[in-house]
Structures are given as structure tokens and as C-alpha cells.
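Colleague: Next up is a structure, given as C-alpha cells.
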Amino acid sequence: MKKNRKNKNAPPPGLPPEQEQIIEEQPKKQPFLKRLLFGEETPDLSELEAGSTTILDILSPTSVDTKSRDYIVVDGIFHAYLYITGYGYSTTVGASWLAPLVEAGEGVSISFHFDKQPKEKILAKISQQTMMNRSRMRDVADTRQDFEELDSAIASGMYLKDVMNRQGEDFYYMHTLIEVTASDVETLEHRVTAVEKLCVSVDMIARRCEYKQEQAFLSMLPILYLDPDIERKSRRNALTSGVAAAFPFASYELSDRNGIFLGLNMYNRSPVFLNPYDDYKYTNGNIWIGGSSGAGKTFTLQCVGGRLRQQGKRVIYIIPKKGHEFRPRCEQLGGLYLRMSPSSPDCPNIMAIRRKSLDTYAGLKGLASRDDSVLADKISQLIICLP
């Protein structure tokens, strides 16, 4: 015989349907000892139903407007994105070659993506492409433009193979994205134009992510995601040396030992010390200062002379024009100001003979002094100066 099992949670018979529903929705009470030890049990609710704030709520923007072609608006801030084209990089680069973009100023951010490729796979592709280019080059006349392009491609392929095989460098795909932010559209356009001009000044070509601003915004996030279309347009091959030189967190600085202080770097506020007479670093001590009127050329010359004088070095200025501008600084340092003009009492006598002997070597070595004619030597010098 089968025994019918009764449902313990079933309501007693004879109750109205409204009371039956109320009875079914009442939660089961916890035992007194369990409530005393572990506290009141909370119902199983999702984070959204419970109203709690999660990490995604903190990181996610409140509002995003993607209607414009040239920018997106995230929480009231305008964002525009650019990418460096694959053909827009310089062929040869130096240390910290991306530092100008990193130090571009307020509202400009930069993102790098490096994708390391298997060396065996890349070498096989390079060999195959080089072989195809050589075959095509046989059918192209040397007067056509294609001939030079094929020759350059073959030389690049041989260089990549040589460096990867002999020097052990790896092959990477590099992608560079630039983010420009501003509080209004006019400021945003001004900054984007300034970034484009900056890229041109460092031999780079930047393109705007038109109709791809939302995808570029997601590609800038630190989630290791890059939009396929942007990835294809911004792809550039690079070797280990080029990737290492792209490390941007290195400021340009000029800090010579025993140098004179000229000022602060306008980009990173680092002090600038110059020692033009450092034979280990510079070939000679020649300096050329250029600039428009009022740029500060005279002030820089006075600054250099004053700092050298403070180091105890002898400084002589020969100023063909506007020499009066140097007079206050000269007299402040206790120097001698001479004005060469017919009406000036400072005119030197070029006929004066100040040397007493021409045989200076004898005094140094203790030898017998020769009686060479000082007057004859002076006359020969005057003939040279005044032909």
C-alpha cells in the first residue's frame, strides 16, 4: 500500500485564496539558537535587487553620448581619439622617441599596444615576401617608381632577417592611440589640431578615428582590447630595440657637469645646466642662439656671461650693435665697459707696443734670451690688420 505524503508547507483546508497566498509567502523562521549565533539570515537577492554599489558601478560612466562623428561625451567631458597610421612612423628612431606625445600637455593621453609575434612564423613570411618582391623586380624597369619601392622592401626584409637571426631581437606589432579630452567642443578641436601638428613635427602621421570614437574609447580602456579596424589601420612592425626606445617615461634634460644654470625645461620643469666647454661631450665651445625679436637672445647671452663670471671665468663680449644693453650687467659684476667710437675716450692705441720680448720660451726653460725685434713684429702685425 502507498501512503500519501502531506506537504508540510501546505495551508490548512478551508482558508480563502488570499490568506493561502499570504501563508505561502511568509519566510521560514530560523531557530532561536541559530539566530543568536549567526544573526538574522538575509534573503537571496541579487546585487541589483539589494541596491548595493559594485565595482562596475564605480568604474562605469553615468552617461555616454556617441551621436557625433568626431567625439563622444562621457559624463559631460568631450573625448576625441586619433591613431598613428602604420606608415606614419619614422624609419629610424632614438631614445624616448614617443616622449613628445606623452608630454604633449593637458588633456592629452596616449596608449600603446604591443603584440609579440612568433619569430619562426615571421621569418618564414619575410623570406616568402622577399622572394616574391625579387621576382616582381625582374619584370619592372629601373625607371619606374615601383622599382625603387620593391628595392626598398627587399632591403627592409633583409635587414629584419639579419637583426632577428644574428642579434636575437624579437618581432612586434605596435599600435599607438591618442586620447584628447576637453570640457567643450572648441577647446577639444584646438587640442586635436595641436596634437596633429605635433605629430607632423616629429615625423609622424596621425589620423582621427572618424565614426569610430566609441570603438576607440573601448580600445583605450586597460582591458587589452583593440578594435579590429583600428588595429589594422594602426599596425606597425617593430623590433626589440625600437620597442625599448619607445619607453616614454624619460624626460629630456640637459645637465652638464660644472654647467651654468639657464632655466627650467618648459615641458617637464627639469633644470637645464649647460657647459659648452666640456671637451668630453662637445667638440668645441661654439654656441648659436637664434630667435625672433624679443624672444630673449640678449638676455640669454647676459645670463650665460654672468653665470660664467660667477664661476670665476674670464668673459669678454664683443658687441657690434646694441652694446649698451650689456652695460648694466657688466658694471653690476664689476667688469669694464669699453665703447669703441671716435668720440669715446676708450679708443685703444693700436700703435702701442706692450711686449718687451718675443722669446717667451727662453723664460720658461731658463735659456739665453734672443734679441728679436719687437718693433718689427709689431709692424708686421699692423700690415696684416690694416692691408
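The values are calculated or read from the model by the stated rules, or taken from the named source; none is laboratory data. Values in this document were obtained by computation on a predicted structure and should not be read as measured data. With ideal geometry, Cβ positions are generated from the backbone for all residues, glycine too; neighbour counts draw on all protein chains shown.
Colleague: Tell me which residues, restricted to the stretch 307-324, are surrounded by 10 or more Cβ atoms within 10 Å (Cβ to Cβ), closer than 14 Å to Y337 by Cα and not aromatic (F, W, Y). Break it down stepwise before answering.
Modeller: The initial filter retains those residues of the stretch 307-324 that are surrounded by 10 or more Cβ atoms within 10 Å (Cβ to Cβ), namely 307-311, 313, 315, 317, 319, 323-324.
When the remaining residues are screened for being closer than 14 Å to Y337 by Cα, the result is 315, 317, 319, 323-324.
V315, I319, G323, H324 - these are the residues of the stretch 307-324 that are surrounded by 10 or more Cβ atoms within 10 Å (Cβ to Cβ), closer than 14 Å to Y337 by Cα and not aromatic (F, W, Y).
Colleague: From the list G86, G94, pick out the single residue that is of a type outside the set (S, T, Y) and closer than 26 Å to L188 by Cβ. Spell out the reasoning first.
Modeller: Working: G94 fails: closer than 26 Å to L188 by Cβ.
When all the criteria are applied, what remains is G86.
Colleague: Of all residues being of a type outside the set (D, E, K, R) and over 17 Å from L308 (Cβ atoms) in the stretch 259-270, which is modelled with the highest pLDDT? Just the residue, please.
Modeller: Once the filter is applied, the top-ranked residue is L264.
Colleague: Quick check on my filter: what residues within the stretch 222-234 are out of contact with any Ser or Thr (no Cβ under 9 Å at 6 or more places or on another chain) and at pLDDT below 90?
Modeller: I223, L224
Colleague: Output the number of residues of the stretch 289-306 satisfying the condition of being within 24 Å of M340 (Cβ to Cβ) and part of a loop (DSSP other than H, G, I, E, B).
Modeller: The number of residues fulfilling the criteria is 1.
Colleague: Another question, if that's okay. Pull up the stretch 190-241, narrow it to residues that are basic (K, R) and surrounded by 14 or more Cβ atoms within 10 Å (Cβ to Cβ), then point me to the one that is farthest from I77 (Cα to Cα). Explain how you work it out, then say what you get.
Modeller: Step one: of the stretch 190-241, the residues basic (K, R) are 191, 197, 207-208, 212, 232-233, 235-236.
Filter once more, keeping what is surrounded by 14 or more Cβ atoms within 10 Å (Cβ to Cβ): 191, 207-208, 212, 233, 235-236.
On the way: R191: 14, R207: 21, R208: 18, K212: 17, K233: 26, R235: 29, R236: 31 Å.
Ranking the candidates gives R236 first.
Colleague: Return the pair list, or none, for Cβ contacts closer than 9 Å from residues in the stretch 104-118 that are under 17 Å from H175 (Cβ atoms) and of a type in the set (V, I, T) to residues that are at pLDDT below 90 and not in a strand (DSSP E or B), at least 6 apart or on different chains.
Modeller: I110/L98; I110/L101; I110/V102; I110/A104; I110/P248
Colleague: Look through the stretch 133-184, keep the residues that are of a type in the set (S, T, Y) and over 25 Å from I205 (Cβ atoms), and return whichever of them is surrounded by the fewest Cβ atoms within 10 Å (Cβ to Cβ).
Modeller: T143
Colleague: Would you be able to say whether some residue in the stretch 112-120 is over 21 Å from the mean Cα position of the chain (by Cα) and either assigned to a helix (DSSP H, G or I) or closer than 20 Å to K197 by Cα (or both)?
Modeller: Taking the stretch 112-120 and keeping what is over 21 Å from the mean Cα position of the chain (by Cα), we get 116-120.
Next, from what is left, pick out any that are either assigned to a helix (DSSP H, G or I) or closer than 20 Å to K197 by Cα (or both): 119-120.
Among the residues of the stretch 112-120, at least one is over 21 Å from the mean Cα position of the chain (by Cα) and either assigned to a helix (DSSP H, G or I) or closer than 20 Å to K197 by Cα (or both), which makes the answer yes.
Colleague: Looking at the stretch 333-345, which of its residues are surrounded by fewer than 11 Cβ atoms within 10 Å (Cβ to Cβ) and within 26 Å of Y277 (Cα to Cα)?
Modeller: Here is the first cut: in the stretch 333-345, the residues surrounded by fewer than 11 Cβ atoms within 10 Å (Cβ to Cβ) are 334, 336, 341-345.
Hits for the stretch 333-345 are G334, L336.
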